[in-house]
1. Picking from LEU5, PRO100, ILE55, whose Cα lies most toward the positive end of the charge dipole for the stretch 4-116 (charges on Cβ: Lys, Arg +1; Asp, Glu -1)?
2. Given 0.36 nm per residue, what is the gain on full extension from ALA158 to LEU286 after removing their alpha carbon distance, in nm?
3. Want the number for ARG11 to LEU238: 0.36 nm per residue separation, take away the alpha-carbon distance, what's left?
4. With charges only on Cβ, +1 for K and R and -1 for D and E, what is the dipole size of the stretch 21-99 about its Cα centre, in debye, rounded to 20?
5. For the chain, with every protein chain kept in place, what is the accessible area per residue (1.4 Å probe, Å²)?
6. Output ³J(HN,Hα) for the stretch 100-116: one whole-Hz value per residue in order, computed from phi by the Karplus curve 6.51 cos²θ - 1.76 cosθ + 1.60 with θ = phi - 60°, and x for Gly and Pro.
7. As I understand it, the dipole of the stretch 256-371 uses +1 on the Cβ of Lys and Arg and -1 on the Cβ of Asp and Glu, about the Cα centre. Which of ALA349, SER361, LEU313 lies farthest toward its positive end?
8. Could you tell me what % of all Cα pairs in the stretch 244-342 have separations over 20 Å?
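The values are calculated or read from the model by the stated rules, or taken from the named source; none is laboratory data. All figures in this text were calculated on a predicted structure; none of them were measured in a lab. Note that each Cβ is placed from the backbone with ideal geometry, even for glycine, and that neighbours are counted across all protein chains shown. Note: accessible area is taken over every heavy atom of the protein model, side chains too, but ligands, DNA and RNA are not part of it. Shrake-Rupley method; radii C 1.70, N 1.55, O 1.52, S 1.80 Å.
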Amino acid sequence: GGGLLVRSFVRLQTVDPGFDTGQMLTMRLTLPPARYPDNATGVFFTELVDRLERIPGVREAAATSQFPPRGFVRNQFVVEGMEGSLDARLPSASFTIASPGYFEALGVSLRSGRLFTDRDVEGAPDVAIINEVAAERYFGGDDAVGRRFRLGASPEAASVEVIGVVSSTRNRGLDTPIDPEIFASLDQLPGNWNQLFMLIRTDGDPRAILPAVRAEVAAMDPEQPIYAIMTVDEAFALTSAPRRLATQFMAAFAAFALLLAVAGVYSVVSYGVSQRTPEIGLRMTLGASRQSLRRLIVGQALVPVAVGAGVGLAGAVALGRVMSGLLFDVGASDPLTLGGVVLTLVASAALASYLPARRASTLDPASALRV
C-alpha cells in the first residue's frame, strides 16, 4: 500500500498543469454591492488591474472569477444547431469570467481564433473563448470558432459566439480530468461579479510585491481587504494535500512494518543459529565450507520469507483495489510497485539472515563440538 501511494504521488508530480505556475501570486477581493452598484465593480477591477501592472516587478496582471486549479463555478449550455441531439441533461462546463490579459498572465496559448480585445465590451455582441477540451467534446474540434451557444436551457437566452480556442489547463487539480471551460469577458459583464481573484505574474518572488499590492488596493478603497493570498503553486499543493498526507502516513507505516520484519527475521535466525551450534560444528568438522554454511542458513531463513511474500502479494492486490480512489495513474496491481516491494522485503530479509549466518561460519569447530 505504501509503495502504491508513493509511486502514485511521484506520478502526480510529473503532471503538466498546462501553464507555468511559478512566480504567480493570487488573492481575492469582495466588493460590497451597496457601495459598488451596477457596473462599478467592473470599473474597480479594471482600474485595479491597470494599477497592478504598473508595480515594478510585475509582468502581467488579470482579474478572474476562478483560476486553475480552483474551478468551482459551472454552467449548463446549449450549442446552437445541436439541440435535437441533446440528451435529457444539458452539457455543462466550468464558466470563468476573465479580464483581457488573463490568458497572457497565465501563459495559456491560443490555438485558433482570437483573444478578448478592447472591442469586447458591454453592448457589443456577446463572445466567449473555450478550451480545447470543450472544443473537441461539444463544438466540433477545429471548427469551434464561429459556433454559437446559449447559456442555460431558455430559448430566450442570449446567443454567444465562440471567438477563440485556448490550450487546456488542469482547472480542477492535477489528479482530476480537465473540465471543459468557457471564458467570458469581464468587460462585457462588468456588474455581474463583485467577488474576483487577482492573478499577478512577477519577475521574482511573488510575495515580495504584496506590500505594493496592498498599497494600490488601499489607494482605491482603504476599506477593502484582500484575502486568500497564496501563490498558484500553493493552490495546486492544496488540491493534492489529502493525497500527500495519506502517502506520508502510509509510507511511514510501511517503513515501520519493514523495520519490524527485518528485526524479526534477524532475531529468529540469530536465535536459531545459536540453537544449532552443535550441528554447525559437526558440519564444519565433516568438511563443510564457510560459504556453504552461509548459503544453508540464509536459504532456510528465506523459505518462510518467500511464503510470506506470496501471501502478502495477494493481500497487496486486495488492498490496492480498496485504496484505488487514492491512486493516480497507477493500477491496484502495478507490477513495478509489487515487484519492487517484494524485492525490497526479500533483500532486507536476506541481509538480516546473512549477519548471523556469517557469525556462525566463523565458529571454531572444536568449541562447537564441545557444546
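1. Farthest towards the positive end: LEU5.
2. Values: separation 128, 0.36 × 128 = 46.08 nm, distance 9.81 nm.
Contour length minus Cα-Cα distance gives 36.3 nm.
3. On the way: separation 227, 0.36 × 227 = 81.72 nm, distance 1.69 nm.
Value of the extension gain: 80.0 nm.
4. Numbers: 8 positive and 8 negative charges, 85 e Å.
For the stretch 21-99, the charge dipole is close to 400 debye.
5. On the way: 18160 Å² over 371 residues.
Roughly 49 Å² per residue, with all protein chains present.
6. Coupling constants for the stretch 100-116: x, x, 4, 5, 5, 5, 6, x, 7, 8, 7, 8, 7, x, 9, 9, 5 Hz.
7. Sorting the options by dipole projection puts first SER361.
8. Values: 2607 of 4851 pairs.
It works out to 54 percent of all Cα pairs.
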